[in-house]
Amino acid sequence: MEIYREITPLHEPDVFVIMDSFNNGFDYPVHNHPEYELNLVVGISGYRIVGDSTERYTDFDLVLLGPYLYHKWDADVKLEKEGIPYRVITIQFAIDLFDVHLFQKESFYKIRKLLQSSSRGIRFHGETFNEAKNMMIELTKNKGFTNIIEFLKLLDLLSQSTETEYLTSEGFMPQTLKSESNRIQVLYSYILKNFSKHDLKIVDAAAIINMSISAFSHFFQKHTTKSFTQFLLDIRISHSCKLLISTDDTISQISYRSGFNNLANFNRLFRKYRFCTPVEYRRRHKEKYEFDWLKQITPKQFVPSNSKGSDLAKPLKYATKLTHL
């Protein structure tokens, strides 16, 4: 499956852009972009892809996406045909927006942590969703500088919420390990570098930080909330998902490249954690998300990865209400 690059409407003077769409469909490919994105869907159900996560959402959805994290929303065909009203509001802002000196102050610490964690995709629910939805609807009304203040309040709300869920597995985005421990960072780097080795064992990881196996097991569980075996398995499964989507390698080749030395065991574990076989996972993505980029409604908004840089022209128009702030 091709992962497309979206050419977003964000301009250099913008703090953020907000796109407001009613019943506009989801006819776009799996894509990514260097901007942060906060996406709100209200009034319809369907499936959402974020990295190696494919989940169903029902009636509403609110997700914060980090830079270059590929994604796509779909709506149930039956619901779209019935013509039920639904709305999608998307906020995009630059990867370096919070790099300036002001936002390095202590008051913005939680927002910076939120953006760092967004590399795995974060879904918000409960009362946080209700408050954020109302704030995003207000932001679609262009009130000038007031919108900038409300935008910061929105990020502050999300940064303090505990009504959250990470979408991709821990291994999908290496930089998202939450612990500040130097030793756990060393371990994490070691595992990411060596997970494809079939003979990687807990004793090898324990030796990296000079611990006994029992002490290591306790230490690792404390910092990652998972056993070493489960953590390693999560990384291997997530890597296989990326290969299934982005390559034409055989299932056997993908199994081997992901650290599994037994194809039958790989198939069994994949089905257990992704609720389908590797073949079904690949077919589901390829059949559902093939996209003819030459026929897209907004010219050159989505560009395939093998396109030359000179072809990356800004879209001529957007099909949704677009506000620059």
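Computed from the coordinates by the stated procedures, all read-outs in this text should not be read as laboratory data. Small disclaimer: the values here were computed from a predicted structure and weren't measured. FYI the Cβ positions are ideal-geometry reconstructions off the backbone, even for glycines, and counts take in every protein chain you see.
Tabulated data
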read-out: Region 92-120 and region 44-87: distance between their alpha carbon centers, rounded to Å; value: 25 Å
read-out: Per-selection Rg to Rh, region 176-286 - Cα, Kirkwood hydrodynamic radius; value: 1.01
read-out: Extension reserve of the E127-I213 stretch, reckoned as 0.36 nm per residue once the Cα distance is removed; value: 26.7 nm
read-out: Point-to-point label distance, K81-V15, nm (Cα→Cβ direction, 7 Å offset); value: 4.5 nm
read-out: Debye, to nearest 20: dipole size of region 176-286, +1 on Lys, Arg Cβ, -1 on Asp, Glu Cβ; value: 360 debye
read-out: Distance between modelled label sites at N262 and L152, nm, 7 Å Cα→Cβ extension; value: 5.7 nm
read-out: For mean projected area of the Cα convex hull in nm², calculated from these coordinates, the label among (1) 18.2; (2) 21.2; (3) 23.9; value: (1)
read-out: Farthest positive-ward along region 176-286 dipole, Cα basis, beta-carbon charges - from I191, F275, Q230; value: F275
read-out: E163, E12 arranged by Cβ crowding within 10 Å, fewest neighbours leading; value: E12, E163
read-out: Net charge dipole size for the chain [Lys, Arg +1 and Asp, Glu -1 on Cβ; Debye, nearest 20]; value: 780 debye
read-out: Candidates G259, G51, G83, ranked by Gaussian network fluctuation over the chain, Cα under 10 Å, top entry; value: G83
read-out: Computed label-point distance, nm, for sites K197 and T140 using a 7 Å Cα→Cβ extension; value: 5.4 nm
read-out: Two-site FRET efficiency, R183 against Y109, from Cβ-Cβ distance with R₀ of 30 Å, rounded to 0.05; value: 0.80
